Structures are given as structure tokens and as C-alpha cells.
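The values are calculated or read from the model by the stated rules, or taken from the named source; none is laboratory data. Note that the structure is predicted; figures quoted are calculated from it, not measured. FYI the Cβ positions are ideal-geometry reconstructions off the backbone, even for glycines, and counts take in every protein chain you see. Surface accessibility is based on the protein's heavy atoms, side chains included, excluding ligands, DNA and RNA. Shrake-Rupley method; radii C 1.70, N 1.55, O 1.52, S 1.80 Å.
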Amino acid sequence: MATTTPKPSIEGTLDRIVFQNAENAFTVAKLSLENGEEVTVVGPLVGLQKGAPLYIEGSWVDDKRFGRQFKVESFQVRSPQTLLGIERYLSSGIIPGIGDELAKRIVGEFGMRTFEIIGSSPGALTAVEGIGPSRTKKIAEAWKDQKQIQDVMVFLRGHGVSAAFAARIYKHYGADSIEVVQSNPYRLALDIWGIGFKSADAIAQNLGIAKDAGERIEAGLLHVLGQLSEDGHVVVPQQHAIDAGESLLGVHAALIGPAISRLLVSRLLVREELDPYGVCLSLTNLHGFEVESAEFFVEIATTQACAIDIKLEKFLYHYEKENEITLAPQQREAIEAGVEDKCIVITGGPGVGKTTIIRALVDIYDLAGLEIALAAPTGRAAKRLAESTGRPASTLHRLLEFQPQTGGFERGLGNQLEADVVIVDEASMVDIALFRGLVASLPHEATFIVVGDVDQLPSVGPGSVLADLIESGVPTVVKLTEIFRQAAKSQIVVSAHQINAGQLPSLAPPPGDDPGRSDFYFIERENPIAARDTVIELISDRIPKRFGYDPLTDVQVLTPMHRGELGTTALNAAMQECIGGKAGNPEIKRGTRCYRVGDKVMQIRNNYDKEVFNGDVGIVRVVEPKASILKVELLGGRMVLFQRNELDDLMHAFAISVHKSQGSEYPCVVLPLLTQHYMMLQRNLLYTALTRGKELVVMVGSSRAVKMAVGNQSSKERWTHLAERIRDRVAPN
């Protein structure tokens, strides 16, 4: 008969808490063992104070910087076995209002029965000098709270919930945690960050919930549709959802139909007959975003625009003369549309003159005395828009006055923007939720101009807004195709247009060694390790020496994936040592990341209090480990302070994903591309990566991978219905 090896465990008294994350209860603490040895324990420890006697199960780990630590998997608070231990526990702060002297008096009165009295007969505490009815009530309530925490943790750990998730569950539901988990553990997938359907399902199975239980099938279907929305879909053919649900849940399809009906009744799903998909399902919020987007957009498109009293031909004559340019016919068409039409989409690849058109339109509106709002989805894109026009531009979230507390926008119906013209650049990045917020905030009489490259990667969030606007046929669409003479000299621009047309660009090395001969190079490497070594060599040595670029501020490595030898994780770790914060620099650890002076970092979530936004890049200039703070100098010169608990929003940015680079441009881009990236080898991804480089692009990898990417257009397929909803509202059946 097989025997199970008991988990390593330790027992002792909590001496002090060194660090604790308020969000997930991750704790670093010192524990005094019974033999007097002090050890470091790390992990989620909820509701504990100095002096708590603990029994902890887990594992020993050796941290490179902090030495030997005990990693917490589960813990129990034990009752102290001595009078001195009881005194220490009571005075630890676990019960507010009991200090050293009062703890001594309580223990002097009740001895080893102290905890029994507090728990079952707290009124007896009034016999102790200094404790009246009010303090007795506070002590009893604090004791009850601690008991609840322990009961919840023991229950959750007993049903297979990790200590980290147990801490999050208790933080969210409090004393109701056990009741919520017992009644419907699938709520966890909706309410608790980090707990997806599979984790909730494992808990449910541990609780004995049947595989064919209705709540399980409903939760599974919501999970399926949620996953599909993360892939960009707004609507989903019902049969596809049923097939995916059947595969995920391992139940017969006959059980899924009734579950869909219940979700329709509870208004968590919407079902429609949509051409050409047939019967479709949508998550209710996404359905609302798409329907309202169509409604608000059509109201704008069909309302009379503000009149512009300007002689366009005269303006264009002087504009060309002052800027020493000759506008192409397509550019003139776009400018005329911007003046005469209500809703305009301007699209085209690199080098076709989109920026020139925006500048001309802004000058016209300014001359006409109209109020102009310029915006883009990201901070970097907004900054470029401001630089190219010489006028203020903001992120769409800032323009719409995003409210972090509610997750909504201050601007919207009843509080619309005070603008006559709204121009949105890099519109390929706008998802359906953001688009709904935008069109709800526009005055009906405003001119709405959308600019973007429809062939780039679509938005990270669900929807294909730019493509759907074009397909709807309602806005005036100007597609720019002519590459300007200066841009045509760029091999980056030529190669990007070839890729977009499904043609393989020239990967042959340019003749001669003059660095001015080409701005696009391909270095053949088949082996991932060799490719990674080449990327490191390019960044740290070859590109700075030959082209004079600063490896931190001028060069950006873009990669299709996060995992693998050429993923962001491995590349960031390697580049940190060669061009960033080398080992030995002051550092702060946060999970698996280690932040050092000299590191290149990127903010990955909007922080409106600090005015730091998703995509902002900077260099770590100051690290103070004792104070647990670091200071980042953003590109542009502003210094921003980050506390340790804010570092989850700060990732290393020596290498970033192609998706994260959307809306940005860099003097130099290095792009590793091998067949190991086959899951992400798509034409629009390669096209997007290439067009991020302004002056130099170096691709490292295999020509076979380039051919695979150029030939793969599958990523363009997203299930949406915005174009049809817009058309139907303009010309109802």
C-alpha cells in the first residue's frame, strides 16, 4: 500500500510582518520557531497580527537575493499553550484596544480559560479593571471577525482552494464567503480576478457539484463566450458556442440548449438571427455596445454638419506653397471630404500621406473658428498626433474623462463633448466598448473623422470597428494607396506594402556596407538560441556602433509571443543584463520580476492619478529597496514614483509584443521571427511590426517564417455585426 509523504511544515509565533499586499494578501513575515530560530515565510496570510501562533504547511525555497524562505501553501492559527503566549497574542494588535497591560490583567483574571471566555461569555470581561461594556463589545466583535477569517480559510483550503485564491475570496465576500462558494462556486469566475472557469469548476467538483448541473453548464457557456470575445468576436454563431461548450464541459449538446434558454431569461445572453451567420449569441454587454454604437453613429452621420465658410482651392494653394509640397489627388479628395461631409474614414498604409491630410484639415477648421478635439487610443499615439499637428491631443480615455471608480466615462449622453470637429487617429486600435463611449459623447452636429490603417492588427478588445465602418458604406471612405516619392525610397515602406499585398519582400542584403543604403535588413537564423544571441548582439553592439542609436531609447525589440526563447520574457531577462540594470544595481523584486536602476519599463494599465497611461515607456532611475519605491523617468523627461504594490502595472520593455506596440513608432525596430511563432505568424501582425519602425528595421529569423506570415490572413476573421446594424438604421427594411 502506497504511503503519502507529509508536506513540510513549521510551527511558531509571528514576530513581524515585513510586507503585505492589500490586494491579494501576499505577505513577507518573520516567524519565531519553538527552538528560537527566526525564519522568513512568504505567501498569502490573511487577518494576522504580531504574536499569532501559526502552524504552516508549504515548502522551502532558496531565493537568490533573500536566502532561504518557507513558501506558504496553507496555515492555521493555533491557540497559545502558555499564559505568556496568550498575553502576547492578545496584545499583538489582533484585537484593537488591548495592549500589554490590559492583556496581563485579562490573563490574570481568566488564565488558560481566556479564549473560552472571550468567545462564549464576553460579558465576563467587565470584571477586569479598564474594560467596560463598550470595550467588551469591541473585543467580542474583533474576536468573532478573526474566527470568521479562520473558518473561511479552513473551509476553502479543505476544498482545494489555494491560499492565494482563498485570500482574494475572503477579501471580496467577507463572512459570506462559505455561503457563496457552497451555493454557486461558479460566481467566483465572474467576481474574483484570476479565478477563471476552470479554477471555479475544480472547486465545484470538490464540493460534489454534478458534471451536468445547470449552473455548471451556464457558467461554462459564459466562459466560452468570454473567451471568444477575448479573440475579438462580438457575436458568435449559436452552433459554434454549443460545440465549444460541449467540448469544454464534456456533456451532451442536448443539455446546452436549456442552459442557453435560462441565460436568455436572466438576460446574460442575447440571441438573434444575423445574416450571414444564422442564429447567434452575444454577451449582453457586448450586444449593447454594438447596438448603441450603430444608433449613436447613425445619429451623427445623418445630422447636418457645422457650415465652414472657406474657399478651399485658395486655402490648398497657399497650404502647398507654405509647406513646399504638392498634394496628391487622393489627399485632395480626403481634405475635400473632411470639409464637405459629416463622417469620414481615411485609411491607408505607411508613406501615403495621412499625417499631411490631418494637418491640413486641422488648419482649415482652425481658420474657420471651429472647436477641434484630437485624440488617439494610446498615450504614444496621442503624443505623435500632437507633435504632427502642433496642437493638443489626448488619449480617448482622457478625452471622454474616464472614471476609474466606476469604469465608465464622464462624457456621454447628456454631457457631450464641446467640439465641432473630432479627429481620431490610429482608429484600428479602437474596440467596440471604446467606440460606443466615443460616439455617445459626440454632439450630433459634430464632424467626425476617423483615421487609421485598416490592414494593421485589429483592436485587442472585441470588435472590428474601423473595418466595419468602412464596410457599412455610410461614412465617406478615402483609401490612400499612392506612396509618396520620398517614402518610396524607404525599403520599410516598400516591404510593408508588399507584405500587405501578399507578396514576399526582398530579404537579400543590400549592396555594399554603407548604412545609408537601406533601412531594412534581414538576418537569417534558423535556431532560436542563435536568433536570440543575434538580437542581443544587435541591440548591445552592432546597431549602436553602426547607426548611432541609443539601445534603450531609440531601439525597440518587438516579438510575436511572450513565451519561448524569443518571447518577451526570455528576451527581457537577457537584455536586462546587457543593456539594462545589471546584477548588483539596487533592485526591488515583485513576483518573478526584478526592477533595477537602468531598466526599461512600460506601464500596462492607465493610472489617472499619476497621469501614466497604458503604453508609456521610461527608464528606472532610482531604486530604494528599504522604502520599497522606485522612480521612473518617462520618455519626455517626467519623473514618476512607484510604490511596490503598483509594480504589477509596470513590465520590462526591452522587448514587447507586437500587439503592445500598436499606436507607437520607434527610430529602430528589431523583430525576431521564427517558425516556433507559427501560432502568431499572420500577415497583419508582420505588417504592423514592420510599420512601427521609422528609420530602421532589422528582422532576425527564418525566411520560411516570413513566407508563412505573408501567406496567412486568417486573423482578419472576426464575428461582428456593426456594419449591418449601421446600414439597417440608415435604410431600414
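Any chance you could run the full-extension gain for LYS71 through LEU83? It's 0.36 nm times the residue separation minus the Cα-Cα distance, nm to one decimal.
1.3 nm
Quick query: amide H of LYS694 versus all other amide H atoms, modeled in the peptide plane; which residues come in under 5 Å with a sequence gap of 5 or more or a different chain?
For LYS694, the qualifying residues are TYR666, CYS668.
Calculated from the structure, Cα Rg over 2.2 N^0.38 Å equals which of (1) 1.13; (2) 1.22; (3) 1.09?
The listed entry that was calculated here is (1).
As a test, work out the antiparallel percent of DSSP beta bridges whose residues both lie in the stretch 589-705, rounded to the nearest 5.
Roughly 75 percent of the beta bridges in the stretch 589-705 run antiparallel, per DSSP.
Would you work out what percent of the accessible area of the chain, with all protein chains in place, is carbon or sulfur (probe 1.4 Å)?
Accessible surface attributable to carbon and sulfur in the chain totals 49 percent.
Among DSSP bridges having both ends in the chain, what percentage is antiparallel? Round to the nearest 5.
60 percent
Give me the one-decimal nm value for the distance between modelled label points at GLU109 and TYR678, 7 Å along each residue's Cα-to-Cβ direction.
The modelled label-to-label distance comes out at 7.5 nm.
What is the helix-to-structure angle for 284-301, meaning the angle in degrees between its Cα long axis and the longest Cα principal axis of the chain, kept from 0 to 90 and rounded to the nearest 10?
With rounding to tens, the tilt is 30 degrees.
The stretch 296-338: which GluC sites (Glu not before Pro) are DSSP loop and have at most 10 other beta-carbon atoms within 10 angstrom?
GLU324
Per DSSP helix of 4 or more residues, -39500 (n - 2.57); summed, then divided by the residues of the chain. What does that give at 222 nm, rounded to the nearest 500?
The helix-only estimate for the chain comes to -11000 deg cm²/dmol at 222 nm.
Relative to the first principal axis of the alpha-carbon coordinates of the chain, what is the inclination of helix 197-206, with its axis defined by its Cα atoms, in degrees from 0 to 90 and to the nearest 10?
That helix lies at roughly 30 degrees to the long axis.
Can you work out the Karplus-derived ³J(HN,Hα) for every residue in the stretch 455-460? Use 6.51 cos²θ - 1.76 cosθ + 1.60 with θ = phi - 60°, whole Hz, and x for glycine or proline.
8, 6, 3, x, 4, 5
Which whole-number value in Å² is the accessible area per residue of the chain, probe 1.4 Å?
45 Å²
For GLU387 and CYS306, what is the calculated FRET efficiency with R₀ set at 22 Å and r taken between the beta-carbons, to the nearest 0.05?
For R0 = 22 Å, the calculated efficiency reads 0.25.
Give LYS104/LYS137; LYS600/LYS660; LYS314/LYS354; LYS64/LYS610 a once-over and call out the pairs whose C-alpha atoms are over 23 Å from each other.
Over 23 Å Cα-Cα: LYS64/LYS610.
For the full complex of protein chains and a 1.4 angstrom probe, list LYS694, LYS354 by accessible area with the highest value first.
Reading off the accessible areas and sorting them downward yields LYS694, LYS354.
Can you give me the long-range amide H partners of PHE409? Hydrogens built in the peptide plane at 1.01 Å from N, cutoff under 5 Å, separation of 5 or more residues or another chain.
Answer set, sorted by chain and number: GLN403.
Between GLU577 and LEU264, what FRET efficiency follows from the Cβ-Cβ distance if R0 is 60 Å, with the result rounded to 0.05?
So the FRET efficiency works out to roughly 0.65.
Students often get this wrong: which residues of the stretch 629-650 have the backbone nitrogen under 11 Å from the point 7 angstrom along Cα-to-C-beta of GLU611?
Taking a point 7 Å out along Cα→Cβ of GLU611, the residues of the stretch 629-650 whose backbone N falls under 11 Å are 638-639.
Work out, step by step, the length gained on full extension between ARG621 and ALA530: first 0.36 nm times the residue separation, then minus their alpha carbon distance; give nm to one decimal.
Length gained, ARG621 through ALA530: 29.6 nm.
List the GluC sites (Glu not before Pro) in the stretch 106-214 that DSSP assigns to loop (not H, G, I, E or B) and whose Cβ has at most 16 other Cβ atoms within 10 Å. Which are they?
GLU129
Of the trypsin sites (Lys or Arg not before Pro) in the stretch 21-110, which ones lie in a loop per DSSP and count no more than 16 other C-beta atoms within 10 Å?
LYS64, ARG65, ARG78
Provide the per-residue ³J(HN,Hα) series for the stretch 143-154, in order, calculated from phi with Karplus coefficients 6.51, -1.76, 1.60 and θ = phi - 60°, each as a whole number of Hz, with x at glycine and proline positions.
Along the stretch 143-154, the couplings run 5, 5, 4, 5, 4, 4, 4, 5, 4, 4, 5, 5 Hz.
Please work out the Cα center distance from the stretch 434-468 to the stretch 9-44, rounded to the nearest Å.
Their Cα centres are 51 Å away from one another.
Under 16 Å between alpha carbons, and skipping anything fewer than 8 positions from LYS311 in its own chain: which aspartates and glutamates qualify?
Cα-Cα hits under 16 Å: GLU320, GLU333, GLU336, GLU340, ASP341, ASP363, ASP366.
Just tell me which lysines come within less than 17 Å, Cα to Cα, of LYS489; anything on the same chain fewer than 8 places away is out.
LYS694
Any idea of HIS172's accessible area? Nearest 10 Å², probe 1.4 Å.
Its heavy atoms expose roughly 100 Å² to the probe.
Students often forget the sequence filter, so: which lysines lie under 26 Å Cα-Cα from LYS71 once same-chain residues fewer than 8 apart are removed?
Within reach: LYS7, LYS30, LYS50, LYS147, LYS171, LYS198, LYS589, LYS626.
With axes computed from alpha carbons, what is the tilt in degrees of helix 214-230 against the longest principal axis of the chain, rounded to the nearest 10 within 0 to 90?
Computed tilt is about 40 degrees.
Could you state the number of Å between the C-alpha centres of the stretch 100-138 and the stretch 164-214?
37 Å
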